[in-house]
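Since the structure comes first, as structure tokens, the remarks are kept for the end.
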Amino acid sequence: MGFFLVSIALLNLMIIIAIYKNMYNEIIPGAYWTELTETIAGYGLGGSTVALFGRVGGGIYTKAADVGADLVGKLEHDLPEDSPRNPATIADNVGDNVGDIAGMGADLFGSFAESTCAALVVASVSPQIAIGDGKYLLYPLIISAFGILCSLLTSFFATNIMKVNENDQIEKTLKYQLIISTLLLTPALYGAAALSLPSSFDMQAANTPSGILPNITNKSPAYAFGCTAVGLWGGLAIGWYTEYMTSHRYHPVREVANSCHTGAATNIIYGLALGYMSNGLPVIVLAVCTYVSFKLLGMFGIALAAIGMLSNLAIGLAIDAYGPISDNAGGIAEMSELGPEVRERTDALDAAGNTTAAIGKGFAIGSAALVSLALYGAFITRSSKNFTDPKYHRVLKNKLARLSQCYRCAYFHRTFDWSTFTLHFFSLNNEGCGYCSSRYGLINNFRLEKSEDSWPQIL
């Protein structure tokens, strides 16, 4: 799925560029790259429109079907998971395909299309890049092409070298694919920059005051490689942290499981606290990516960082789709009334797939944040509006990176409040349970009588 989506998205974009290139060459011979890139920006808008309906509509359907199947089967009729006697099981399986496969694919397709179009729009203002037949302008597409090749090599490692013989190896193999693709892409991105960009290029800024969006002059391909590498390794950091927060091997998930001993209330509170805390490192990573890429190449650097984060999209989407596919396999095995050993294997695959699916969602959210800023940069770069009003200064020049830290502090404050409440509740609950169980037989021999001062007495 990952290779198909990235390949089709890249092929469609190349076809659109070729069509509009011939059209504009007849109207404006030799000087049409700025108009062409503004026109094909609609490709990203179309991808976002599809993602809106696929992600939101599909996500609502899959969660409604999942909850409905559990309520009908487990709570009302005491049926096992994915029982063939439960008609809602079919809706649950279909929902996994609609929300977690089609919805996630549409979401990441939209991010891929938007980041590529934003980079093309910003690059078109460079007199050294947007020149001649536009071979330098195709650099953002070359990054994705190199990503497909490195992802193919990573898949070869996963299927022929890192063979899975035990259940404990499933999650490690999936996680290592992300690491290997990142390691392979790092030198590949440098080669893509060296082959696809001129030895020196400039980037003209918009109508902004000096120091807000400065003109970028005499930059080498190494600066472009730095922006893409920052995005690539930032995506790996977000994926690793997401895996840490969602895998049953690590402390956070085990703490949530332990909170179930005192009931559903503490489980919900502690789970929400960890959820709020989990956005801390991703926000820091995105702020660092934004700051570094902007310092290197301005708004063009931010767009390249977004493309770099999505350069191994083929692998990221593949390990994301692994979870719902394994879940459906378990449902089919249960409905077919296969042996318990089959269900045990599919449950192991599903457990590993749930963690890797969370990694994919971290990629999607992180890349979407960079893509939104890249689109804003494309608008600023190509807009004819004079941005000399002081009200624009608070938005430009790295203010977004600093503002994100303020939101992170607010979430961390709420996390500490809820975590502290949960810990105090644990202490109070354990002390109360121990007292009631060991002192005076409070549970079995409890009777109230009124004394002279109207206080209940324990007899």
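Name the pairs whose Cβ atoms lie under 6 Å apart, with the first residue in region 340-366 and more than 17 Å from THR246 (Cα to Cα), the second part of a helix (DSSP H, G or I) and of a type outside the set (D, E, K, R), and 6 or more positions between them or separate chains?
Every condition considered, the pairs that remain are VAL342/ALA333; ARG343/ALA333; THR346/ALA329; THR346/GLY330; THR346/ALA333.
Given the conditions (1) more than 14 Å from the chain's Cα centre (by Cα); (2) surrounded by fewer than 20 Cβ atoms within 10 Å (Cβ to Cβ); (3) of a type in the set (A, V, I, L, M, F, W, C), report the number of the one that ALA273 does not fulfil.
(2)
Would you confirm whether or not region 127-141 contains a residue that is assigned to a helix (DSSP H, G or I), under 22 Å from the mean Cα position of the chain (by Cα) and touching a residue at least 40 places away in the same chain (Cβ under 8 Å)?
Yes: region 127-141 contains one or more residues that are assigned to a helix (DSSP H, G or I), under 22 Å from the mean Cα position of the chain (by Cα) and touching a residue at least 40 places away in the same chain (Cβ under 8 Å).
Checking PRO198 against (1) open to solvent by less than 40 Å² (accessible area, probe 1.4 Å); (2) at pLDDT below 80; (3) outside any helix (DSSP H, G or I); (4) not aliphatic (A, V, I, L, M), only one condition comes out false. Which one?
Every condition holds for PRO198 apart from (2).
Which ones in region 217-229 are open to solvent by 40 Å² or more (accessible area, probe 1.4 Å) and either touching a Gly at 6+ places or on another chain (Cβ under 8 Å) or aliphatic (A, V, I, L, M) (or both)?
Residues satisfying the conditions are ALA222, TYR223.
All but one of (1) within 14 Å of the chain's Cα centre (by Cα); (2) under 18 Å from TRP233 (Cβ atoms); (3) surrounded by 23 or more Cβ atoms within 10 Å (Cβ to Cβ) hold for ILE365; which doesn't?
Exception for ILE365: condition (3).
Filter region 316-358 for residues that are of a type in the set (D, E, K, R) and under 23 Å from SER278 (Cα atoms); which is surrounded by the most Cβ atoms within 10 Å (Cβ to Cβ)?
Step one: list which residues in region 316-358 are of a type in the set (D, E, K, R), which gives 320, 327, 334, 337, 341, 343-345, 347, 350.
Add one more test, that the residue is under 23 Å from SER278 (Cα atoms), and what stays is 320, 350.
Working: ASP320: 28, ASP350: 22.
Ranking the candidates gives ASP320 first.
Looking only at helices (runs of 4 or more DSSP H) that fall completely inside region 234-326, which ones have 2 or more residues that are of a type in the set (Gly, Ala, Ser)?
On the way: elements: 251-258, 264-277, 280-309.
Qualifying helices (runs of 4 or more DSSP H): 264-277, 280-309.
The values are calculated or read from the model by the stated rules, or taken from the named source; none is laboratory data. Just so it is clear, the model here is predicted, and its values are computed rather than measured. Here the Cβ is made from the backbone with ideal geometry for all residues, glycine too, and neighbour counts use every protein chain on show. Areas reflect the complete protein model, heavy atoms only, side chains present, ligands, DNA and RNA absent. Shrake-Rupley method; radii C 1.70, N 1.55, O 1.52, S 1.80 Å.
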